[in-house]
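K.L.:
The structure follows.
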Amino acid sequence: MIIAVASGKGGTGKTTVATTLAQTLAKTRFSVAFLDCDVEAPNAQIFIKANLDQRKNVEMLIPQVDTDLCSSGGECAEACQFNAIVVLGKQTLVFPELCHGCGSCALVCPDNAITEVPRTLGILEGGLSPEGINFGHGILNVGEPMAVPVITQLKKWHDYQDTDVVIVDSSPGASCPVVESLRGADFVLLVTEPTPFGLHDLRQAYGLTQELDIPAGLIINRDGIGNADVDAYCEQVGLPVLLRIPLERVIGEGIAQGKSLLDIHPEYEAIFRTLYEQIMPLAAKEAVR
């Protein structure tokens, strides 16, 4: 089973929920994998504490123009939908940051002047945690705009067919990296806070799960602040609230010190075991729909 954890808004406690669920299930009979797909700001390793003894570069092929062969006819620029290659007079310029690696420019070049060379976008790191969690995360290079290829390769890095539960920690929001993170999930755990900002971004995140046709449930973090608008919205759209985590100073202080929720409150192990038991029938019901 693949459970993705997402939130429309950053800072809601998404990674806290994802890591706690993974650590709880790892203490049972389950084999667990954890993928931190928030490649622009991965931080699950702070709590998982895996031995990162595996490493792989993430590369994408981009065009390289041989100026001696190029006749500057412009066919390559016309074929590129992303304006990553431009012909100015006798010069053919390549903008690597805009390239999506589709290879169209090389295919249409009548001079065979374009070859494809690898460009490193980021890295993948992985290893086992003390609880036996098969952990992996992606780290996007600073200034690199192409997060999706890193997420795609992270999800394909290992074969998880024999893993009981895969937890996917997505980036916040509802953009392309989130879509790629959620793709293939059996269930999405949405995390929000009961504030106007939390509700605004929850609407976007829940809308995305509906577009992808993935069943979802909600965890309300920092329960006790804000107002009841999130609850009213959930009742209106039929989004089940599976768990409430109260606003507690001790939790905030512990998380800031790099402690997991289970380190702070060991009793949450039983709570998150119950949470998983709630998820199972919701995901199974959708699978046979």
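K.L.:
Quick one: give the max-minus-min coordinate of the C-alpha atoms of region 60-120 along each principal axis, largest first, in Å.
P.N.:
28, 18, 17
K.L.:
What number comes out for the charge environment of Cys70, summing +1 per Lys or Arg and -1 per Asp or Glu over other residues with Cβ under 14 Å away?
P.N.:
Once all neighbours under 14 Å are counted, the net charge is -3.
K.L.:
Related question: In debye, nearest 20, what is the charge dipole magnitude of region 114-264 about its Cα centre with +1 on Lys and Arg Cβ and -1 on Asp and Glu Cβ, if you could check? Numbers along the way, then the final one.
P.N.:
Values: 9 positive and 21 negative charges, 56 e Å.
Here region 114-264 has a charge dipole of around 260 debye.
K.L.:
Using the Cα centre of the chain as origin and beta-carbon charges of +1 (Lys, Arg) and -1 (Asp, Glu), tell me which of Gly252, Tyr160, Ile46 is placed farthest towards the positive end of the dipole.
P.N.:
Checking the options against the dipole of the chain, the answer is Gly252.
K.L.:
If I take every Cα pair under 8 Å that is 6 or more residues apart in region 60-120, average their sequence separation and divide by the length, what percent do I get for the relative contact order?
P.N.:
Values: 110 pairs, mean separation 30.1, N = 61.
It comes to 49 percent, rounded to a whole number.
K.L.:
Right, another one. Hey, got the dipole for the chain? About the Cα centre, +1 on K and R Cβ, -1 on D and E Cβ, debye to the nearest 20?
P.N.:
Details: 20 positive and 36 negative charges, 94 e Å.
About 460 debye.
K.L.:
I've got another one for you. So in the chain, which Cys have no other cysteine's beta-carbon sitting under 4.7 angstrom from theirs?
P.N.:
Lacking a cysteine Cβ partner under 4.7 Å: Cys37, Cys70, Cys80, Cys99, Cys102, Cys109, Cys176, Cys234.
K.L.:
If you don't mind, another one. Return the distance in nm (one decimal) between the two label points of a simple spin-label model at Thr120 and Arg244, each offset 7 Å from Cα along Cα→Cβ.
P.N.:
Each label point lies 7 Å from its Cα, and together they span 4.9 nm.
K.L.:
Counting pairs of alpha carbon atoms under 8 Å apart in space and at least six apart in sequence, what relative contact order in percent does the chain give?
P.N.:
Details: 582 pairs, mean separation 75.3, N = 289.
Contact order relative to length: 26 percent.
K.L.:
Below 8 Å, C-alpha to C-alpha, sequence gap of six or more: please give me the relative contact order for region 67-199 in percent. Present the calculation step by step, with values, prior to reporting the outcome.
P.N.:
Working: 139 pairs, mean separation 18.4, N = 133.
Value for region 67-199: 14 percent.
K.L.:
Another question, then. In what sequence do Leu275, Leu247, Leu140 fall when counting other Cβ within 10 Å, fewest first?
P.N.:
Details: Leu275 19, Leu247 14, Leu140 22.
Exposure proxy ranking, most exposed first: Leu247, Leu275, Leu140.
K.L.:
Follow-up. Given the pairs Lys14/Lys49; Lys56/Lys259; Lys27/Lys49; Lys27/Lys56; Lys56/Lys156, which are separated by over 24 angstrom at their Cα positions?
P.N.:
On the way: Lys14/Lys49 17 Å; Lys56/Lys259 28 Å; Lys27/Lys49 15 Å; Lys27/Lys56 29 Å; Lys56/Lys156 12 Å.
Violating the 24 Å Cα-Cα cut-off are Lys56/Lys259; Lys27/Lys56.
K.L.:
While we're here: Test of the criteria: in region 19-104, which chymotrypsin sites (Phe, Trp or Tyr not before Pro) are in a DSSP loop and have at most 14 other Cβ atoms within 10 angstrom of their Cβ?
P.N.:
On the way: sites: Phe30, Phe34, Phe47, Phe82; in loops: Phe30, Phe82.
Of the chymotrypsin sites (Phe, Trp or Tyr not before Pro), the ones in loops of region 19-104 whose Cβ has at most 14 other Cβ atoms within 10 Å are Phe82.
K.L.:
Additional query: Taking the DSSP beta bridges in the chain as the whole, what percent of them are antiparallel, to the nearest 5?
P.N.:
In the chain, approximately 45 percent of DSSP beta bridges are antiparallel ones.
K.L.:
Net charge within 12 Å of Gly143 by Cβ-Cβ distance, Lys/Arg positive one each and Asp/Glu negative one each, not counting Gly143 itself? Display every interim value, and only then the final one.
P.N.:
Working: positive: none; negative: Glu40, Glu97, Glu144.
Residues near Gly143 contribute -3 overall.
K.L.:
Let me spell out the model: positive unit charges on the Cβ of Lys and Arg, negative unit charges on the Cβ of Asp and Glu, origin at the Cα centre of region 60-120. What dipole size does that give, in debye rounded to 20? Don't jump to the answer; show the numbers that get you there.
P.N.:
Values: 2 positive and 7 negative charges, 26 e Å.
Magnitude of the dipole: close to 120 debye.
K.L.:
Okay, moving on. Are there GluC sites (Glu not before Pro) in region 208-289 that DSSP marks as loop and that have at most 15 other Cβ atoms within 10 Å, and which are they?
P.N.:
Values: sites: Glu211, Glu235, Glu248, Glu253, Glu267, Glu269, Glu277, Glu286; in loops: Glu248, Glu267.
Filter output for region 208-289: Glu248, Glu267.
K.L.:
Taking 35 Å as R0, compute the FRET efficiency from the Cβ-Cβ separation of Leu282 and His200 and round it to 0.05. Intermediate results must be reported in sequence, preceding the final value.
P.N.:
Values: r = 25 Å, r/R0 = 0.71.
For R0 = 35 Å, the calculated efficiency reads 0.90.
K.L.:
Arrange Thr15, Thr152 by Cβ neighbour counts within 10 Å, fewest through most, would you? Walk me through the intermediate numbers first.
P.N.:
Values: Thr15 26, Thr152 17.
By the 10 Å Cβ count, ascending, the order reads Thr152, Thr15.
K.L.:
Quick check on the exposure proxy: order Ser260, Ser181, Ser71 from fewest to most C-beta atoms within 10 angstrom. Present the calculation step by step, with values, prior to reporting the outcome.
P.N.:
Working: Ser260 19, Ser181 28, Ser71 13.
By the 10 Å Cβ count, ascending, the order reads Ser71, Ser260, Ser181.
Every read-out reported here was derived from the displayed coordinates using simple, explicitly stated rules and does not represent laboratory data. No experiment lies behind these values; they were computed from the predicted model shown. Cβ atoms come from the backbone with ideal geometry, glycine included; neighbour counts cover every protein chain shown.
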